[in-house]
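A quick write-up on the structure given underneath.
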Amino acid sequence: MRTLVRATNWVGDVVLSLPAVRALRAADPKGALAVLARPWVAELYRLLPEVNEVFVDESKGPEADPKARERLAMEIRGGRFDRVIVLPTSFETAWTLARAGVPERIGYRGELRGALLTRAVRLFLGPGEHQVWKHLRLAAAAGAPLPAAPDVSWPVSGALREAARARLAEAGWKGGPFAAAHVASFAHAAKRWDLARFAAVFDALAARHGLPVVLLGSSGEETVNAQTSALATKTRTLDLAGKTSLPEALGILAEARLFLGNDSGLAHLASAAGTPAVVVFGSTDPDATRPWDGPRPDGRPVRLALVRRRTLCAPCRFDVCPIDHACMTGVTPEDVLAAADKVLADER
């Protein structure tokens, strides 16, 4: 059977979709499994041995023309897929795949797209249920048995680690342990902890553990990283914002002794790579969106610490807090440092 997975658009969701991709592969080990993904996450899917081919959806963005989506539909039609599992819930993704003529189209109902799917599944997650099951249930709807324990681990090849070390060396890394950090959070300001507090934790990590800090992020996060570097006066920081691909960032995270950051895609990548991680949560729900902390098939312990201060208004759906941002201002550097000390001690 030829199966296509229309991938999610965000890095964290890519990690959380791994169990679904693996379940589909396990259910049809000799079939063809392809992924259709947006450009910024397509390179991550290309790392997966379970995936035979990756198609890139470039139908949106400043350089896309009005006929780009129609051309994409024709490209998918040429793949002669028997079925597609549509992980996103938007109307346009279902429309494109219906135009492509894929005979079986499985996805969640909503956004008036039920008629575009041959099997429209009702989306339901119970209170406190993790988003990893959202993707797995679509795989189950396609006939894949649910795994006893979702596997979100991401093995990192020696070649990718070597490429990561090369990027670190270009930035001035001389070898030795380091902490990786992501202090921004793309488009969601409500998810960002205060930069001065991050800097205080970085200084303390240098004093207690001798760890310099490698700041990761996109090119649009260079200013935030520069501000944090200027505030961290007692530790060395290497800023790689915009200087790595996502696979290289994964390699750097795998090489790090510790990850520190907000609830973002890089936090999920770090945990998937097996790196001890400390993640600050505020406006989002850690029960639903934390890096998955279930057992790993390689037997390595998951060392993940979530730091939060509960407030009556969190979790919320605001990109920018309209009031006092108490869910984040209530988290102190001492809280985060204590969590970092614990996961580092657990490592030993």
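Worth pointing out:
- So residue 294, is it modelled with pLDDT under 95, in the same structural domain as residue 340 (by TED's automatic domain parsing), among the small types (Gly, Ala, Ser) and buried (at least 24 other Cβ atoms within 10 Å of the Cβ): no
- Unmet requirement for residue 335, which otherwise passes all of (1) under 25 Å from residue 41 (Cα atoms); (2) assigned to a helix (DSSP H, G or I): (1)
- Look at (1) more than 20 Å from residue 178 (Cα to Cα); (2) surrounded by fewer than 18 Cβ atoms within 10 Å (Cβ to Cβ) and you find that residue 341 fails only one, number (1).
- Screening residue 262 on (1) touching a helix residue (DSSP H, G or I) at 6+ places or on another chain (Cβ under 7 Å); (2) surrounded by fewer than 16 Cβ atoms within 10 Å (Cβ to Cβ) shows it passes everything except condition (2).
- Residue ID - modelled with the highest pLDDT, chosen from residues in segment 306-321 that are among the aliphatic types (A, V, I, L, M) and either surrounded by fewer than 20 Cβ atoms within 10 Å (Cβ to Cβ) or assigned to a loop (DSSP other than H, G, I, E, B) (or both): 306
- Top-ranked residue in segment 1-10 [being at pLDDT below 95 and not hydroxyl-bearing (Ser, Thr, Tyr); ranked as farthest from residue 129 (Cα to Cα)]: 1
- Every condition in (1) surrounded by 14 or more Cβ atoms within 10 Å (Cβ to Cβ); (2) in a loop (DSSP other than H, G, I, E, B) holds for residue 175 except the one numbered (1).
- Whichever residue in segment 191-210 is surrounded by fewer than 22 Cβ atoms within 10 Å (Cβ to Cβ) and of a type in the set (A, V, I, L, M, F, W, C) and, among such residues, is nearest to residue 243 (Cα to Cα): 195
The rows are residues; the columns are (1) closer than 23 Å to residue 20 by Cα; (2) in contact (Cβ under 8 Å) with a residue 60 or more places away in the chain; (3) in a loop (DSSP other than H, G, I, E, B).
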site	(1), (2), (3)
243	no, yes, yes
250	yes, yes, no
254	yes, yes, no
274	yes, yes, yes
282	no, yes, yes
288	yes, yes, no
294	yes, yes, yes
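- Which numbered condition residue 147 fails, given (1) assigned by TED's automatic domain parsing to the domain that holds residue 83; (2) closer than 15 Å to residue 17 by Cα: (1)
- Matching residues in segment 91-112 - criterion: being of a type outside the set (Ser, Thr, Tyr), part of a helix (DSSP H, G or I) and more than 18 Å from residue 139 (Cα to Cα): 91, 92, 95, 98, 99
- Meets criteria (farther than 30 Å from residue 311 by Cα, of a type outside the set (Ser, Thr, Tyr) and touching a Ser or Thr at 6+ places or on another chain (Cβ under 7 Å)) for residue 167: yes
The values are calculated or read from the model by the stated rules, or taken from the named source; none is laboratory data. Nothing here was measured: the structure is a model prediction, and the numbers come from that model. A quick note on method: Cβ atoms are made from the backbone with ideal geometry, for glycine too, and the neighbour counts reach across all protein chains shown.
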